[in-house]
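Just so it is clear, none of the values below were taken in a lab; they were calculated from the coordinates. Please read these numbers as outputs of a predicted model, since none were measured by experiment. Ideal geometry is used to build each Cβ from the backbone, glycine not excepted, and the neighbour counts take in all protein chains shown.
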Amino acid sequence: MKVWDRPVRLLHWVLVLTVVPAWVTGGRTDSVHEWLGYAAAAVVAARLVWGVLGSRYARFRQFVRGPAWTLRYASAVAAHRAPRYLGHNPLGGWMAVTLLACVGCLSLSGFLYISDWLWGYAWLYWTHFVLGWLLVALVALHLAGVAFSSWQHRENLVRAMVTGKKAAPGEADVV
């Protein structure tokens with residue numbers, strides 16, 4: 001069944017293709033790192049728009065759940081009885097939002113750091129530095145969650161993010 005549309009998948013993988021080289025070029029003084037940051041910011045902006053205007057499973061209102069719902073889901077995950085979600089599960093939804101926010105803040109802090117207004121301020125450098133490492137931790141947690149959820153529900157979420165397709169929902173699945 002088609003779940004994630006082409007814009008969601010394209011924006012996801014383009015973000016990967018901007019963030020990874022941005023991380024690798026983090027210590028360089030040329031404009032490559034800077035332009036990768038601008039590209040990542042553009043992807044985040046596009047995803048925010050698509051999160052409001054996009055197809056059903058692209059919309060934030062479909063997968064961003066409240067704290068009580070998310071905590072109940074986390075408890076179900078810990079007890080190995082979490083339901084399968086056709087789109088993002090509540091933890092995955094909050095991870096998507098957190099990753100987008102972190103990349104957005106990273107792009108903004110990098111832009112401000114090289115602006116005439118705030119060029120060279122140590123606090124801004126350290127903010128950007130800490131956000132970079134926070135993003136590494138979030139990506140590791142995201143990958144662990146994808147692996148765990150794929151194992152728990154016996155489905156390949158990476159393939160689903162490439163093809164957009166997941167198995168049709170069963171009786172206990174959350175659509």
Practice prompt. Kindly indicate whether any position in segment 78-92 is of a type in the set (D, E, K, R) and not in a loop (DSSP other than H, G, I, E, B).
Written response: no
Discussion item. Could you check segment 6-54 and list, in sequence order, the residues that are buried (at least 16 other Cβ atoms within 10 Å of the Cβ) and outside any helix (DSSP H, G or I)?
Written reply: THR25, GLY54
Discussion item. Please go through (1) touching a residue at least 40 places away in the same chain (Cβ under 8 Å); (2) within 22 Å of PHE148 (Cα to Cα) for PRO67 and return the number of the only condition it doesn't satisfy.
Written reply: (1)
Worksheet entry | Options GLY120, GLY110, GLY132, GLY170: the member that is under 25 Å from VAL32 (Cβ atoms), over 13 Å from the mean Cα position of the chain (by Cα) and part of a loop (DSSP other than H, G, I, E, B) | GLY120
